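Here the structure comes first, spelled out in structure tokens, and everything after it is commentary.
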Amino acid sequence: MKENHNFFMSEAVKDAINGVLNNEGGPFGCIVVKNGEIVGRGNNKVTSTNDPTAHAEVLAIRDACKNLNSFQLDDCIIYTSCEPCPMCLGAIYWARPKKVYYGSNQEDAANIGFDDQFIYDEIPLPYEKRSIPFQQIGREIALQPFQLWSKKNDKTAY
């Protein structure tokens, strides 16, 4: 089935607008489409759920995965009202859709107070120079689950 990009983007935007009108969070919406059908939806609910990870893309991915009974979005397309932030970008790559379409961009979001540049700036920094300190401790005990996983014969690879 041919994708109707304008329709699907308008659905993502509608979800963003509904979230704003319902005071659920920031002005972001996202849908996941498979074979021309919407299989997942999400809008930003950070402030209404007190969950900093409740971004539109993350919620749409969770919804789609639940509805598809899969931890990957094979052959799916994501339509998101705004270019994904670093966290959502990571979630999208882990979900493995075949394509992402976005409406507004990073600069548009920054212009209304949603500026993620500080995160992009932090990523390449050495741990000791980041604004939130990172320090490794307990590596030997933390390797135990990895060792168990490596020996597990009935694991589901991903």
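Annotation: lysines with alpha-carbon distance below 30 angstrom to LYS14 (same-chain offsets under eight excluded): LYS2, LYS34, LYS45, LYS66, LYS98, LYS99. Assuming R0 = 30 Å, can you tell me the calculated FRET efficiency for the pair LEU143 and ASP74, based on Cβ-Cβ distance, to the nearest 0.05? Rounded to the nearest 0.05, the efficiency is 0.45. Applying 0.36 nm per residue to the separation of ASN67 and GLU107 and subtracting their alpha-carbon distance, the gain on full extension is 11.1 nm.
Of the residues VAL32, VAL20, the one with the largest accessible area comes first in the ranking VAL20, VAL32, computed with a 1.4 Å probe on protein heavy atoms. Dividing the mean sequence gap of close Cα pairs (under 8 Å, 6+ apart) by how many residues the chain holds gives a relative contact order of 16 percent. The antiparallel fraction among DSSP beta bridges confined to the chain stands at about 70%. Per residue, the accessible area of the chain comes to 68 Å² when a 1.4 Å probe rolls over the protein heavy atoms. The trypsin sites (Lys or Arg not before Pro) of segment 74-158 that DSSP puts in a loop, and whose beta carbon has at most 16 other beta carbons within 10 Å, are LYS98, ARG130, LYS152, LYS155. Once the Cα-Cα distance is subtracted from the 0.36 nm per residue extended length, the ARG96 to LYS155 segment shows a gain of 19.3 nm. In the chain, the DSSP-assigned H stretches of four residues or longer account for a calculated mean residue ellipticity at 222 nm of -12000 deg cm²/dmol, using -39500 (n - 2.57) per stretch and the full residue count as denominator.
The values are calculated or read from the model by the stated rules, or taken from the named source; none is laboratory data. Owing to the predicted nature of the structure, the values given are computational and were not obtained by experimental measurement. Heads up, the Cβs are rebuilt from the backbone with ideal geometry, glycines too, and the neighbour counts pull from every protein chain shown. All accessible areas refer to the heavy atoms of the entire protein, side chains included, with ligands and DNA or RNA removed. Shrake-Rupley method; radii C 1.70, N 1.55, O 1.52, S 1.80 Å.
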